[in-house]
Amino acid sequence: MMDTMFLKAALAVYFVSVLGYVTSIYVRRVMVAKVSTWIFFLAFLCHTISFIFRYLETGHTPVISIYETLSFFAWAMAGVYLAFQPKTKTRVLGAFVSPVTFLLMIAASKGLEGYVSIPEVLKSNLVPLHVILSVTGEALFALASFAGAMYLIQEGLIKNKKVSGFSRMLPSLSDLDRINHFCLMWGFPLLTLGVLVGSLWARTAWGSHWQWDPKQVWTLVAWVFYALLLHQRLAIGWKGHKAAFLSLLAFAILLVSLVAINLFFVTAHSFI
Amino acid sequence: MNIILIGMNHKTAPLEIRERLSLTCGNDANHLAEIMKFPEIQEVLYLATCNRVEVLANAVDTAGAVEKLRAFIFHHGNLSAEEMARCLYLHYDDEAVRHLFRVASSIDSMVMGEPQILGQVKDAYRTAVEHNTTGVILNRVLHHAFRVAKRVRTETGIAHNAVSVSFAAVELAKKIFGSLEGKTILLIGAGEMSELAARHLLNQGVRKILIANRTYARALQMAENFHGTATDFDTLAEKLRDVDIVISSTGAPGYVITPPMIEAAIRRRKNRLLFLIDIAVPRDIDPAVNEIDNVYLYNIDNLQDIVDTNVKSRQREAEKAEAIIDDEVGKYHEWFNTLEVVPTIISLREKMEGIVKSELVKSGSWMQNLNEEEKKNIEILAGSIINKILHDPITGLKEESRENGALPYIAALRRLFGLDDV
């Protein structure tokens, strides 16, 4: 039960950090954002501890049920943001990341009371590896899309000569483009490996590597978009506007695969 | 309080009069000595910048001191009586303190929020301290003024955002590129404003500057000034591939830079961002280039709009600053009131009694073994130790105050016993 206790603590502290970030935007003080970052870090620690307890108490890597996965997604996103925060120096990104983390945590906390028994088919070391790789990749893509959205907003403001208000809160175009690029560079190989590991497991569980299941298909479509984006960036030298826009589009497709499929479609990829 | 502030600034005195006064006065320490010779004046600070001349004094006899200071300025500024009446302002006590706070916080400056004035006030104070012309009162006022200036700077946006066209261009460049380290500028044509913008950009770490001019000789000459490279006007299109920021201010009647030129350049430069600043009238750069991806074009009106907005926002911030200053003048006033003998004695006693009380509470654990009478005796003992310790300082303070020189003692006492720490 320690895991749920820490999860609730993390949820509460995430909420405080959201309030902090929102306040920092409202009062426009870097100090408030700095404090919020530390609070966010504290929440992240609670969250980490909760994972450890859950692992100890259930005996499986807690990334199996959809709720566990949501929680892990939130954790990975927070972790990646925190890890690169000192480098990117864009605290205002926290004002995007923290509310999303918090909402994911609310969704996750609905199903994390008590434990589910794991179907025999999922008891393979490949399954947690598949989830961890894919979800970390997807969390990076989420950050890429936040940076992309901020890029488009900032760019629109600069193009339309509205640079005196909200624009001051946003990082420079180059910084946002760099974050977008970075998250893409790391997210892509992780998701690719995640899918490969998944298909290795699928061979043992379903008898074939690929099933043309809706979830797989949508993920594949999103993967193709990301591959295209990465190619354009690296080979053609895409920067700025187009890259930001495409990273948003690709993430929208990925979201369909992540959320909509599990809710509205019958899929072989849903287990619990 | 016997604080006087007499002076003139850019709002009250025309340039020629300020000139006359600052030429003869400058920040010359001799004037401090001269003013200190007036028996009516105990402490003095003399501040002269290109926009203001201010004398802050702590006087024994206010009316006499004002007369002497007027005569001093009259003499040095070579002013007519009429000019003097028109240009000089005179503030007393709280209002004098408020004026100093406003000056130090740069609310009274010509360009509100400019950072130099605080340094100038600090320099003036340093000179005064070196010549020993400040004492308890002015030291406190000045230190308080530095604190207020810092508070205004951090708590309001008075110093935020560019209020000149060239700085607005620098801020925009940072908004686009983040750091300007290692960037390259192309300067087309000549002109005061464009050259100023280029200089500001160079100060921000821009690495390289290319200069194009219709007359190559002029380009060469400017290149020397900027430590840049002169370039042929006919190869502009090629140069657009390599630069990050373009500042254009030619006298050309038509567009010097057109969308096809930029489109071709953008392809060759692998979509790197390009910031174009068009300071020329008529314009040098076709406004249609702003529609091209990753290209940002600002003309002189756009920059001026930013400056106007920023000036307005500084004015709004100035209101917040005035509130802070109100508050701080109040605090100064409070401190000044404590400089009386009686309140100081009272707070000294309170402090001592407070210490005894808290020590007794701390010792409660071992004292519980004592009976009531023994406890009472300990309290009496502590009380009489306090009385003995305080007896001499209090008597001394009272004696000094009868001779009207108690201020330094009171201030020292308050400082040493930490009576002002709340």
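Only the coordinates and a few stated rules stand behind these numbers; no lab work does. Here the structure is a predicted model, which is why all the values come from computation and not from measurement. Positions of Cβ are generated from backbone atoms using ideal geometry, with glycine treated the same way; all protein chains shown enter the neighbour counts.
Just grab the label-to-label distance for B:Ile346 and A:Val22, each label 7 Å out from Cα along the Cβ direction, in nm (one decimal).
4.7
About the Cα centre of the protein assembly as shown, what is the dipole size in debye to 20, counting +1 per Lys and Arg Cβ and -1 per Asp and Glu Cβ, all else neutral? List each step's numbers first, then the result.
Details: 69 positive and 69 negative charges, 467 e Å.
In debye, rounded to 20, the protein assembly as shown gives about 2240.
Does segment B:165-307 come out rounded, prolate or oblate by the C-alpha gyration tensor, with a ≥ b ≥ c the root eigenvalues, rounded set by a/c under 1.5 and, if not, prolate when a/b is larger than b/c and oblate if not? Let's see the in-between values first.
Values: a/c = 1.16, a/b = 1.06, b/c = 1.09.
In terms of gyration-tensor shape, rounded.
For chain A, what is the calculated [θ] at 222 nm in deg cm²/dmol (nearest 500), taking -39500 (n - 2.57) for each run of four or more DSSP H residues and dividing by its residue count? The partial results should precede the final answer.
Numbers: 9 runs with 199 residues, N = 272.
Value at 222 nm, helices only, nearest 500: -25500 deg cm²/dmol.
With charges set only on the Cβ (+1 for Lys and Arg, -1 for Asp and Glu), what does the dipole of chain B come to about its Cα centre, in debye to the nearest 20?
Values: 49 positive and 59 negative charges, 238 e Å.
With only Lys, Arg, Asp and Glu charged at Cβ, the dipole is about 1140 debye.
Could I have the simple spin-label model distance between A:Thr192 and B:Gln315, label points 7 Å from Cα toward Cβ, reported in nm to one decimal?
A separation of 5.9 nm, rounded to one decimal place.
Just check segment B:267-402 against the gyration tensor rule for me: Cα atoms, a ≥ b ≥ c as the square roots of the eigenvalues, rounded for a/c under 1.5, and otherwise prolate or oblate depending on whether a/b exceeds b/c. Spell out each step's value before the answer.
Numbers: a/c = 6.83, a/b = 2.99, b/c = 2.28.
Here segment B:267-402 falls in the prolate category.
What does the extension gain come out to for B:Lys122 and B:Arg147, with contour length at 0.36 nm per residue minus their alpha carbon separation?
Working: separation 25, 0.36 × 25 = 9.00 nm, distance 1.17 nm.
Extra length available between B:Lys122 and B:Arg147 comes to 7.8 nm.
With runs of 4+ DSSP H residues as the only contributors, calculate the mean residue ellipticity of chain B at 222 nm using -39,500 (n - 2.57) per run, divided by the residue total and rounded to the nearest 500. The partial results should precede the final answer.
Values: 17 runs with 245 residues, N = 422.
Mean residue ellipticity at 222 nm (helix-derived): -19000 deg cm²/dmol.
Any idea how far apart B:Gln204 and A:Thr4 come out in nm if each label point goes 7 Å out from Cα toward Cβ?
Rounded to a tenth, the inter-label distance reads 5.5 nm.
Just going by the charge dipole of the protein assembly as shown, with Lys and Arg at +1 and Asp and Glu at -1 on Cβ, which of B:Ile394, B:Ala48, B:Ile35 is farthest out on the positive end?
It is B:Ala48, whose Cα lies furthest towards the positive end.
If you take every DSSP beta bridge whose two residues both sit in the protein assembly as shown, what share of them, in percent to the nearest 5, is antiparallel?
45
Using the Cα centre of segment B:45-165 as the reference point, and only Cβ charges (+1 on K/R, -1 on D/E), how large is the resulting charge dipole? Debye, rounded to the nearest 20. List each step's numbers first, then the result.
Numbers: 13 positive and 13 negative charges, 85 e Å.
Dipole about the Cα centre, nearest 20: 420 debye.
For A:Met169 and A:Ile153, compute 0.36 nm times the residue count separating them, minus their Cα-Cα distance, and round to one decimal in nm.
Working: separation 16, 0.36 × 16 = 5.76 nm, distance 1.12 nm.
Contour length minus the Cα-Cα distance gives 4.6 nm.
Among B:Val361, B:Ile345, B:Ile380, whose Cα sits farthest toward the positive end of the charge dipole of segment B:341-416 (+1 at Cβ of Lys/Arg, -1 at Cβ of Asp/Glu, about the Cα centre)?
B:Ile345
So, counting K/R as plus one and D/E as minus one, what does the shell of residues with Cβ under 13 Å around B:Thr258 add up to? Please report the intermediate quantities before stating the final value.
Values: positive: B:Arg283; negative: B:Glu263, B:Asp278, B:Asp284, B:Asp286, B:Glu291.
It works out to a net charge of -4.
Around B:Ile158, what is the net charge, scoring Lys/Arg as +1 and Asp/Glu as -1 over all other residues with Cβ under 13 Å from its Cβ? Working shown, then result.
Numbers: positive: B:Arg102, B:Lys150, B:Arg151, B:Arg153, B:Lys312, B:Arg314, B:Arg316, B:Lys320; negative: B:Asp108, B:Glu114, B:Glu155, B:Glu317, B:Glu319, B:Glu322.
Spelling it out: positives minus negatives among the neighbours equals +2.
Averaged over its residues, how many other protein chain Cβ atoms are within 10 Å of peptide B:273-286's Cβ atoms? Don't jump to the answer; show the numbers that get you there.
Details: counts 8, 0, 2, 0, 0, 0, 0, 0, 0, 0, 0, 0, 0, 0.
Partner-chain Cβ atoms within 10 Å, mean over residues of B:273-286: 1.
Which one, A:Leu7, A:Val135, A:Val163, is farthest towards the positive end of the dipole of chain A when Lys and Arg carry +1 and Asp and Glu -1 on their Cβ?
Checked the options; the winner is A:Val163.
What are the DSSP H helices in chain B that stretch 27 Å or more along their long axis, judged by alpha-carbon atoms, and whose average Kyte-Doolittle hydropathy comes to at least -0.5?
On the way: long enough: B:136-155 (28 Å, -0.04); B:300-338 (56 Å, -0.99); B:341-362 (32 Å, 0.40); B:372-402 (44 Å, -0.62).
Counting only whole DSSP H runs, the qualifying helices are B:136-155, B:341-362.
Label the protein assembly as shown by shape, choosing from rounded, prolate and oblate, from the square roots a ≥ b ≥ c of the eigenvalues of the Cα gyration tensor; if a/c is under 1.5 it is rounded, and otherwise prolate applies when a/b is larger than b/c, oblate when it is not. Walk me through the intermediate numbers first.
Values: a/c = 3.98, a/b = 1.33, b/c = 2.99.
Taking the square roots of the gyration eigenvalues as a ≥ b ≥ c, the protein assembly as shown is oblate.
Pop the C-beta distance of A:Lys123 and A:Val221 into the FRET formula with R0 = 41 Å and round what comes out to the nearest 0.05. Kindly include the intermediate steps, with their values, before the conclusion.
On the way: r = 30 Å, r/R0 = 0.74.
Working from the Cβ atoms, E equals 0.85.
Helices from chain A with mean Kyte-Doolittle at least 0.0 and a Cα length along the axis of 30 Å or more, per DSSP H: which? Don't jump to the answer; show the numbers that get you there.
Details: long enough: A:2-27 (37 Å, 1.42); A:30-58 (42 Å, 1.33); A:66-88 (32 Å, 0.66); A:126-159 (48 Å, 1.33); A:173-206 (47 Å, 0.76).
Within chain A the helices that satisfy the rule are A:2-27, A:30-58, A:66-88, A:126-159, A:173-206.
Going 7 Å from the Cα of A:Trp38 toward and past its Cβ, which residues in segment A:1-31 have a backbone nitrogen under 18 Å from where you end up?
Backbone N within reach: A:13-25, A:29-31.
Counting Lys and Arg as +1 and Asp and Glu as -1, what is the net charge of the other residues whose Cβ lies under 14 Å from the Cβ of B:Thr215? Don't jump to the answer; show the numbers that get you there.
Values: positive: B:Arg214, B:Arg218; negative: B:Asp232, B:Asp234.
It works out to a net charge of 0.
Once you have the Cα-Cα distance between B:Leu416 and B:Val129, take 0.36 nm times their residue separation minus that, and quote the gain in nm to one decimal. Walk me through the intermediate numbers first.
Values: separation 287, 0.36 × 287 = 103.32 nm, distance 2.11 nm.
Taking 0.36 nm per residue and subtracting the Cα distance, the gain is 101.2 nm.
Across segment B:205-215, in residue order, what do the Karplus-derived ³J(HN,Hα) couplings come to in whole Hz, using 6.51 cos²θ - 1.76 cosθ + 1.60 with θ = phi - 60° and x for Gly and Pro?
x, 4, 8, 9, 10, 9, 10, 10, 8, 4, 9
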